[in-house]
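Taken together, the values in this text are just the output of simple stated rules run on the coordinates, not laboratory data. Just so you know, these numbers come straight off a predicted model, no measurement behind them. Don't worry about glycine lacking a Cβ; one is built from the backbone with ideal geometry, like all the others, and counts go over all protein chains shown.
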Amino acid sequence: MNDNANSKLHFSLMHIDVARNATDDFNLFHDKRHWHEIQDNPFAGPIALGFQQICFIENSVKQYRKHEGEEKLIDEHRLDFSNYAINFANVVKPDERLSLEIKKSTFSVAKTKKLSNRIVLRNNAGIVLIGFKSESDSPLYLSTSELPKLPDLNKVQDRSELPSAGFFYKRKFTTNSNAKNFLTASNVEQSDYFDEINNHILFPETYCTGMISCALLERATFSQHDFKRDPMVYTSQKLSVNRRLVAALRSDQKIHLLVSPPQNTDKGMVVNRCYGLNQTLEVLFQGEIELAPLSVILGQLN
């Protein structure tokens, strides 16, 4: 990251509103009018979206690869999968100044070919998130073999549970306008991804994966979860995205989202396996999302 980009990095209330509108994220933690309705909310205001922060990281690593001449390496070794392993250490509040550090790339060929960078996002108080952004020749997270046999998703009712598979199903559609808004909300120049005059269309990976938040919230609503009394926050994400399939996306295409039943860990966290399929039912992305009840987070702080 260069200093000029870092000096401008912050998320205003407008950035947060636009990001949550673009992805249909109705989590109260991001709501400037209703955040106080969350019981024992320690953040004293709305906070930025996790996927909003990761979209900035996606673009920053993309620019880093271009600057370092790594695009040739990615093409040569067919590193068609983009991977995110992110641990959230703190929240980002409106107008907080942030800085992103991208560590030097490492390339390995053990088991799978992988080009990887450690990334750290900081505010004035310390680390906000930390993890790795990698390109690989096969998905690093969650094998597609774990995906059960599915019915014809085009005939499945939106916001429903698949009886045979146990997954919750959410249907979304790609739109250029929402993707552009999500980019802008993430401090990314939208014209680098969408330039219709010159027939350049590239949906950001994190716009696609960002739809998971809506699917998780819809599942919780389906299960009659109380968002005010028992709120949940992201603690980690491990996601693999098929870059080739993302590059083929165009506006008004179906995205089929699948969220597994939540699994509780011995540390009080909740893990969901998530898949996103494109309109031809190919796996666009896959991975695991870990959340924690706010009560668990508060207990760790006390």
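Overview of values
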{"read-out": "Global geometry of the range 57-154, whether rounded, prolate or oblate, following the gyration tensor of its Cα atoms and the 1.5 cut on a/c", "value": "oblate"}
{"read-out": "Whether the range 193-302 is rounded, prolate or oblate, judged on the alpha carbon gyration tensor where a/c under 1.5 counts as rounded", "value": "prolate"}
{"read-out": "Placed amide H near I255: partners under 5 Å, 5+ positions off or other chain", "value": "K172, F173, T174"}
{"read-out": "Under DSSP loop assignment and at most 14 Cβ neighbours within 10 Å, longest GluC sites (Glu not before Pro)-free interval of the chain", "value": "69-188"}
{"read-out": "Nearby lysines by direct alpha-carbon distance to K103 (threshold 23 angstrom, same-chain neighbours under 8 apart not counted)", "value": "K8, K62, K66, K72, K111, K113, K114, K133, K238"}
{"read-out": "Listed residue (S177, N278, F194) projecting farthest to the positive dipole end of the chain, Cβ model", "value": "N278"}
{"read-out": "Size of charge dipole - the chain - debye, nearest 20, with Cβ of Lys, Arg +1 and Asp, Glu -1, no other charges", "value": "340"}
{"read-out": "J(HN,Hα) series, the range 104-115, from Karplus relation 6.51 cos²θ - 1.76 cosθ + 1.60, nearest Hz, glycine and proline x", "value": "4, 5, 10, 10, 10, 10, 6, 6, 9, 6, 8, 10"}
{"read-out": "Helix-only [θ]222 nm of the chain, DSSP H runs n ≥ 4, -39500 (n - 2.57) each, per residue, nearest 500", "value": "-7500 deg cm²/dmol"}
{"read-out": "Extension gain from L162 to T106, taking 0.36 nm per residue of separation minus the Cα-Cα distance", "value": "16.1 nm"}
{"read-out": "Cα-based shape type of the chain, given that a ≥ b ≥ c are square roots of the gyration tensor eigenvalues and the cut on a/c is 1.5", "value": "rounded"}
{"read-out": "Once exposed loop trypsin sites (Lys or Arg not before Pro) are cut out (DSSP; at most 16 other Cβ, 10 Å), longest piece of the chain", "value": "160-227"}
